[in-house]
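Derivation of every value follows stated rules applied to the coordinates shown; laboratory data play no part. Quick caveat: nothing in here was measured; it's all calculated off a predicted structure. Please note: Cβ atoms are built from the backbone with ideal geometry, for glycine as well, and neighbour counts cover all protein chains shown.
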Amino acid sequence: MLEGPREELYVEDLKGALDEYHQVNKELMKITAEKQKRARLVKSLLSVMKIQVGDARTRDLLEKHGLSEAVRPFFTIETLHTAGARTVVRRRRGEKKPVDPAAILAKGTPVRMTSGRYDGYTGVVASTQAKESGRGLDVTYFLNLVGPRGDRKRTSVKHGTLNKTWSVAS
């Protein structure tokens, strides 16, 4: 006879727990959206600072004002150099191979395109961008290129295509 009221009690407890869960989940979603919005703002401000005063001066200013640690997650090149070898991944036909973070090319490194649309072009690494993905850190290089006829182009290449479609020039 006590089974009926007990079941109702369990259902009521479950209903209350589910209501609380959904309320907390809504709050979490709002906080996550706000976090992403603020992260985009920080990245934009850092980009503007880097463009206006340069990378080295930006780092000096941040260190002077005690913001080095707080801003570290937003510096992609620092993230690359402080990441473990397991997080920087070279992608080759679906398999994952670790890349030594020291192998990441620095800004100004001379490069040569060896195939594709810009075959024969030479240039330099203008900047490096890294994005965290489910597979690790995805590294993209932005290149300023000069063609055989003197024409200038800008393109991007993935780290995994190094020594396939482009290489470091000597």
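Table for the structure above
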| quantity | calculated |
| --- | --- |
| Residues located in region 49-70, provided they are farther than 20 Å from Lys107 by Cα and either touching a strand residue (DSSP E or B) at 6+ places or on another chain (Cβ under 7 Å) or of a type in the set (A, V, I, L, M) (or both) | Leu61, Leu62, Leu67, Ala70 |
| Residue in region 19-33 that is without any contact (Cβ under 8 Å) to a residue 40 or more places away in the chain, within 30 Å of Thr128 (Cβ to Cβ) and under 22 Å from the mean Cα position of the chain (by Cα) present | yes |
| Number of positions in region 142-170 that are within 16 Å of Ala106 (Cβ to Cβ) and surrounded by 12 or more Cβ atoms within 10 Å (Cβ to Cβ) | 10 |
| Within region 11-60, considering residues that are of a type in the set (Gly, Ala, Ser) and in a helix (DSSP H, G or I), the one nearest to Phe74 (Cα to Cα) | Ala39 |
| Enumeration of residues in region 1-16 that are among the aliphatic types (A, V, I, L, M) and either loosely packed, with under 10 Cβ neighbours inside 10 Å or touching a helix residue (DSSP H, G or I) at 6+ places or on another chain (Cβ under 9 Å) (or both) | Met1, Leu2 |
| So Leu46, is it within 30 Å of Lys107 (Cα to Cα) and in contact with a Phe, Trp or Tyr (Cβ under 6 Å, 6 or more places away or on another chain) | yes |
